[in-house]
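> First the structure, which I've put down as structure tokens, then a few questions once you've had a look.
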Amino acid sequence: MQKFSFLSRSFTTLPRLNYANYFELFKLPVDYKIDQFQLHTNFKLAQRIYHPDKASMFAKSEQYYCSHISSELNVGYKRLQDDLSRATYRDWE
């Protein structure tokens with residue numbers, strides 16, 4: 001299982017996530033069949049860092065970034081969690 005590599009570090013600015021689709025966002029292979037446990041684990045790990053409530057100590061630009069990424073995480077998690085939604089997801093083609 002791949003974990004987010006920056007979890008043990010302390011930050012002055014947050015690490016930027018580079019992803020082209022929700023599979024990449026959650027470090028999952030691009031496939032209909034995904035490991036739901038890994039999806040859930042990676043979602044929780046990322047939200048632990050990027051949830052807007054955790055960003056209050058950062059500058060406004062970082063708070064905005066957290067809000068944006070947290071929203072993307074929520075949408076992506078719901079999209080990949082549901083079988084039908086994942087089957088019709090086409091941003092990875």
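> For Q63 and R48, calculate 0.36 nm times their separation in residues minus their Cα-Cα distance, and state this gained length in nm to one decimal.
Between Q63 and R48, full extension yields 4.0 nm more.
> If you stretched the chain out fully between K33 and R90, how much longer would it get, using 0.36 nm times the residue separation minus the C-alpha to C-alpha distance?
19.1 nm
> Give me the distance in nm between label points sitting 7 Å out from Cα along the Cα-to-Cβ direction at N74 and H40, one decimal.
Each label point lies 7 Å from its Cα, and together they span 2.0 nm.
Values quoted throughout were computed directly from the atomic coordinates according to the rules given, and no laboratory measurement underlies them. None of these values were measured; they are calculated from a predicted model. Don't worry about glycine lacking a Cβ; one is built from the backbone with ideal geometry, like all the others, and counts go over all protein chains shown.
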